[in-house]
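Single-structure report; data block below.
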């Protein structure tokens, strides 16, 4: 299996003030979960606002291979609606070919959990980046539930063949890290197990799986555990029912136009229906501490998820210290936060970023390299990232993206306000999460060429 897209380099130049209304894709986390739970439900699930990125489309295809009927349709107004007709809990079939998740760790790891509770065998694979990422911390708890790894690459990496449990066991699992992917995989496997499956987290991670499980009819209880942790318990063998899901705008994608508007002088933009789940708004909290002008209005809620309209205006930012306990609420946003920190006045210290080392790339090292090549003073101390902000960025560098969509987008945002153009070696992988990023930014006024 090969994934070798043609390189698509791009440069961002200092922009005029950004303005207008941004169209940000649907949330990727919600999109993956809506497809997976729709496939495990009985009846039809209709999803509007689904993120139609490579990552999510790969999950949709995986659900088809496992036996669900997944179709893209249009409603009376001409808007895209995705219909999923599920097979019920425990109803997956063995796929005839490997499940290819491309660049998506979230899709791959969640589907591993969903498959682990079914008496089927499936091979999981992906592109070169996904093949380099560890899977053992997902499959280890699944093995406790009765699943078995039949074949794997060195170090527990893809391609990996997983044999689901014929009689899955409920477990109480204490996760070594705050990870929504580990938690979700165990809970999804626990759907097919009798009794109660429990996950204990040292810190609260994103609760999208719990909210959506409840939306589809499962019994889920969540309560505090220790100082910052959570104990999440799922009652197994429910009959999930198809449900309507409106996918909110992805706060991780919204982060890029938000930071661009803050650092390009005199900018003023609006982004509609951004998810404001408190476990996903660490970036907004941090930017506000730095002095950012970000206003919320038009608040609403769908399928348990809160959302709001955001108005963002250019602001004079100052350096801050970001505590490690905030990491789970903004783990994907540290890259673009580092760009904001470079344009701030003073030092910004981001603590406890170990999780960035096991993402699409070693994002901690890649972020530091992105800043250094553009003249920003930056240091990595253990798992902390320290950025010396001087109110401006010299720019002029070529950024190595390492097949990482967020590195590419963060570097292009930096170029919107840098003194000299910022170039990235490849933008092909931006389609992983934000297919319309470049045209959307150009529509707001960004100078990309």
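The values are calculated or read from the model by the stated rules, or taken from the named source; none is laboratory data. Computed from a predicted model, the values in this text were never measured in an experiment. Every residue, glycine among them, receives a Cβ derived from its backbone with ideal geometry; neighbour counts consider all protein chains shown.
Evaluate the following for residue 403: is it part of a helix (DSSP H, G or I) and either without any contact (Cβ under 8 Å) to a residue 60 or more places away in the chain or under 20 Å from residue 9 (Cα atoms) (or both)?
On the way: part of a helix (DSSP H, G or I): no; either without any contact (Cβ under 8 Å) to a residue 60 or more places away in the chain or under 20 Å from residue 9 (Cα atoms) (or both): yes.
It is false that residue 403 is part of a helix (DSSP H, G or I) and either without any contact (Cβ under 8 Å) to a residue 60 or more places away in the chain or under 20 Å from residue 9 (Cα atoms) (or both).
Considering only region 266-274, I want to know if a residue exists there that is closer than 24 Å to residue 185 by Cα and either in the same structural domain as residue 349 (by TED's automatic domain parsing) or buried (at least 20 other Cβ atoms within 10 Å of the Cβ) (or both). Write out each step before concluding.
So the first thing to find is which residues in region 266-274 are closer than 24 Å to residue 185 by Cα, and the list is none.
So far as region 266-274 goes, no, none of its residues is closer than 24 Å to residue 185 by Cα and either in the same structural domain as residue 349 (by TED's automatic domain parsing) or buried (at least 20 other Cβ atoms within 10 Å of the Cβ) (or both).
Restricting attention to region 243-255, does a residue exist that is in contact with a strand residue (DSSP E or B) (Cβ under 6 Å, 6 or more places away or on another chain) and free of Cβ contacts under 8 Å to residues at least 60 places away in the same chain?
No; the residues of region 243-255 include none that is in contact with a strand residue (DSSP E or B) (Cβ under 6 Å, 6 or more places away or on another chain) and free of Cβ contacts under 8 Å to residues at least 60 places away in the same chain.
Output the qualifying pairs, or none if there are none: Cβ atoms under 7 angstrom, residues six or more apart or on different chains, first residue in region 189-201 and on the phi > 0 side of the Ramachandran plot, second residue modelled with pLDDT of 95 or more.
195/170; 195/236
Just to be sure before I move on: is residue 74 modelled with pLDDT under 95, touching a strand residue (DSSP E or B) at 6+ places or on another chain (Cβ under 9 Å) and on the phi < 0 side of the Ramachandran plot in the structure I sent?
yes
Tell me, which residue of region 219-263 that is buried (at least 24 other Cβ atoms within 10 Å of the Cβ) and assigned to a loop (DSSP other than H, G, I, E, B) is nearest to the chain's Cα centre (by Cα)?
Checked region 219-263; the qualifying residue nearest to the chain's Cα centre (by Cα) is 250.
In region 79-97, is there at least one residue being modelled with pLDDT under 95, surrounded by fewer than 22 Cβ atoms within 10 Å (Cβ to Cβ) and assigned to a loop (DSSP other than H, G, I, E, B)? First the steps, then the outcome.
From region 79-97, those modelled with pLDDT under 95 are 79-80; that's our starting set.
Subset that is surrounded by fewer than 22 Cβ atoms within 10 Å (Cβ to Cβ): 79-80.
Pick out the ones that are also assigned to a loop (DSSP other than H, G, I, E, B) and you get 79.
Yes, there is a match, as at least one residue in region 79-97 is modelled with pLDDT under 95, surrounded by fewer than 22 Cβ atoms within 10 Å (Cβ to Cβ) and assigned to a loop (DSSP other than H, G, I, E, B).
Give all pairs with beta carbons closer than 6 Å in which a residue from region 144-169 that is touching a residue at least 60 places away in the same chain (Cβ under 8 Å) and in the same structural domain as residue 237 (by TED's automatic domain parsing) meets a residue that is crowded, with 16+ Cβ neighbours inside 10 Å and in a strand (DSSP E or B); count only pairs at least 6 apart in sequence or on separate chains.
What qualifies is 159/123; 159/125.
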